[in-house]
1. Do any strands (runs of 3 or more DSSP E) lying entirely in region 178-242 carry at least 3 residues that are among the charged types (D, E, K, R) and closer than 30 Å to Pro610 by Cα, and which ones are they?
2. If I go through region 661-709 residue by residue, how many of them are assigned to a helix (DSSP H, G or I), β-branched (Val, Ile, Thr) and more than 13 Å from ligand 2 (Cβ to nearest atom)?
3. Of these, Val219, Val191, Val168, which one is more than 18 Å from Ile125 (Cβ to Cβ), within 16 Å of ligand 1 (Cβ to nearest atom) and either of a type in the set (A, V, I, L, M, F, W, C) or touching a Pro at 6+ places or on another chain (Cβ under 6 Å) (or both)?
4. Within the set of pairs 6 or more residues apart or between chains, which connect a residue that is at negative phi and outside any strand (DSSP E or B) inside region 77-96 to a residue that is aromatic (Phe, Trp, Tyr) and at pLDDT below 95 with Cβ atoms less than 6 Å apart?
5. Could you give me the residue pairs with C-beta distances under 6 Å whose first residue belongs to region 324-341 and is in a helix (DSSP H, G or I) and basic (Lys, Arg), whose second residue is within 10 Å of ligand 1 (Cβ to nearest atom) and modelled with pLDDT of 90 or more wherever it lies, and which are 6+ apart or on separate chains?
6. Is one or more of the residues making up region 698-705 in contact with a Ser or Thr (Cβ under 9 Å, 6 or more places away or on another chain), away from ligand 1 (no atom under 16 Å from the Cβ) and over 16 Å from Val571 (Cα atoms)?
7. Among the candidates Arg560, Arg547, single out the residue that is among the basic types (Lys, Arg), touching a helix residue (DSSP H, G or I) at 6+ places or on another chain (Cβ under 9 Å) and assigned to a loop (DSSP other than H, G, I, E, B).
8. Filter region 39-92 down to the residues that are of a type in the set (D, E, K, R) and within 16 Å of ligand 2 (Cβ to nearest atom), then identify the one that is modelled with the highest pLDDT.
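The values are calculated or read from the model by the stated rules, or taken from the named source; none is laboratory data. These numbers come from a predicted model, not from an experiment. Here Cβ is always computed from backbone atoms with ideal geometry, including for glycine, and neighbour counts include all displayed protein chains.
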Amino acid sequence: MKRLITSFLGILLALSVRANEGMWLPFLLENNIGEMSEMGLHLTADDIYNINQQCLSSAVVGFVDLDRPYSHFCSGSVISAQGLVITNHHCGLSVVQQHSSLENDYITNGFWAMNQADELGGNDIGVCFLRRMEDVTAQVLEGVSDTMTIKRRNEVINSNISQIESRVSDSTGLKAHVDAFYCNNEYYLSVYEIFEDVRLVGTPPISVGKFGGDTDNWVWPRHTGDFTIFRIYADSLNRPAKYSAENVPYRASNYLKINAKEKHEGDFVMLMGYPGTTNEYLPSFAVAATQDVYDPIVVSARGKSIDIIKERMRADKSVMIKYTSKVASLANAWKKLDGERRGLAAKRVVEKKIERERLMRDWIVADTLRQAKYGTLLDDYAKEYAVYQKYRRLKLLIDETFYKSEMIDLCSDIRAVLQSNSTDEEKRTKIVGWLRDFYADYDLETDCAVTSMMVCEYFVNCDNPPVLFKGIKCENMKNPDSNLLRKSLLADSTKAFSVFKNYTEKSSKKIENDIVFALTAEIDDKYSNIKTPLQKSLKKIDDFQRRFMQLQRECFADARFFPDANSTFRVAYGQISGYRPTDAVSNAPFTTLGGVIEKCDLDVYDYTVPDRLKQLSAARDFGPYCNADSSLTVCFLSTCHTTGGNSGSPAFDADGNLIGLNFDRVWEGTMSDLQFDADICRNICLDVRFVLFFIDKYAGARHLIDEMEIVKD
Ligand code: ARG
Ligand code: GLU
């Protein structure tokens, strides 16, 4: 018994959140502030977030696509009174790409607006400020009972949420959004102000902004100058407004001061921003499925297509421009998930979760009320998960193979519009718009090569290769001349535009007979046959997970639980710290420009260094931004818990000054989306000193430095 209690306590301790783990809610920081102070913070919870006073969080922004304003794809911060915003290079890359052409190749050469008139607007991204956040669980759950069906429960909740959102939006003129927390057990309202005119001010060449490319992505040591500067514009009354020549720079009542001093290991770091998704509270069987089933599908399919695309990019400069951003997003998830499955295995997360579930079972059996509430939960959940896993695997396989073919993906979207109730005119407008986007960065040869590989990948992986898909066979697709895609009307942009510009109901025959549309029809059918049961099962899974989360919070009542990331505003904290990735290897927490020069000698394609940077490095011309040993820091590591969406998140020192920008995690620790491990989970930040050096010495954009407030002792 004593042994049992000791081991129970041991696990409890291991389960309770340790310093560094967690993405916390700004309005509940009182629970963390003691610990944060012990770790070195000099601020109060109100200095960080308080809707009624100047606070750091009001200088933090989320980056959004204007057509999806609640889904923050990156984070950033305001760094001048005239609305300058800093984020990562990879967050702004699509904007840089939109303004680039072979003549004005800003991707390769970088871009710096030497005055405000030259700042590049008309972009499809915006930034949002969090104006308020509050717990609305009681209102959302009004009318919900434990005896309701899942369907009815969701209906009541969704209707309550819509009412709250409209009420708040109507009364404030701001955007209100209610999100679910703790696996649908709690609901919090976020109120945002969204600025839609955000212009490109400056970006380094991609050889700096993405130095190390996919070779170094998710890897330490890292030397990437991953930053881009934007400026928010507003109307003459300083209010959000659509892009217009009349708009003026946003007058920011609050902006971050910059600490350009040298940092040291052990220094306190705090991070704010919009982490996208984590799943920290899954049961063992769901983690096992991620590690052994889902991640391997993505890793295998993407790894192969990336190789193909990169070869084409190297051979052809126009393919390089068209596919830079596409390949980055494919490669990013590919490498991350490979790190994740390895990390989960190395840290024996499934085994640890099984042990934890054993404790929960013991806890349930010890009490009749608990038995009534949770008696068969774990077994029922596991049973349903097996059903869900089967469908999710099949769906993932199609998503990662057929729908990663650009042409098939486009056909699928077009088919959906054609089948919708829209008028012919609406259909024409929508499709022609898509075609324009599609051909702007499409290369048929690349797509043919990727698609044929994907078809093979699908057939190898599906359990019973179906005798459908227009009788296509992997071998046949491999012959470039007879590749199916070449036979489609979409292979010829002129033909495609003429068909869809003149589309009427009657043209649908021509489209139906097109070989790739016909193939896509079969894929879409198969896909929707999977989607329906998957959705049904997912609803049950969500409900099991809600109750499983409840069980964990009740069973381990003394532990601190942070809610999973869900694209809402969060605060994370930790320290600057190196780590030991493997036995006998110790990684230091800072990299320097000297390391960039070392890498560039390695003759790796991703390690190209602009001559100007080499010269500045050779001359040690680092201005006031160099370290005591006259080196220049590029990146540093800290122990904050972050995930995708945290890119561009400001890293603060103990006084709330900006010291860096988060942009990545170390590969050994990407498992932190499912389980944070303090030994190996580290986030990677770009040091703000490198940013200042680059703007000042490389870009010669001194006027921007003059706009910022740099803290002197
Ligand atoms: N891994 C980082 C993130 O998830 C950086 C991605 C961009 N950089 C790159 N080399 N692909 O977004
Ligand atoms: N690069 C990621 C992003 O775009 C952040 C890194 C991470 O996933 O931690 O948000």
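1. none
2. Adding up the residues that qualify gives 4.
3. After ruling out the rest, the residue left standing is Val219.
4. As it stands, the answer is none, since no pair meets every condition given.
5. Lys335/Asn217; Lys335/Trp218; Lys336/Trp218; Lys336/Thr670
6. So far as region 698-705 goes, yes, one or more of its residues are in contact with a Ser or Thr (Cβ under 9 Å, 6 or more places away or on another chain), away from ligand 1 (no atom under 16 Å from the Cβ) and over 16 Å from Val571 (Cα atoms).
7. On the way: Arg547 fails: assigned to a loop (DSSP other than H, G, I, E, B).
After applying the criteria, what remains is Arg560.
8. Going through the qualifying residues, I end up with Asp65.
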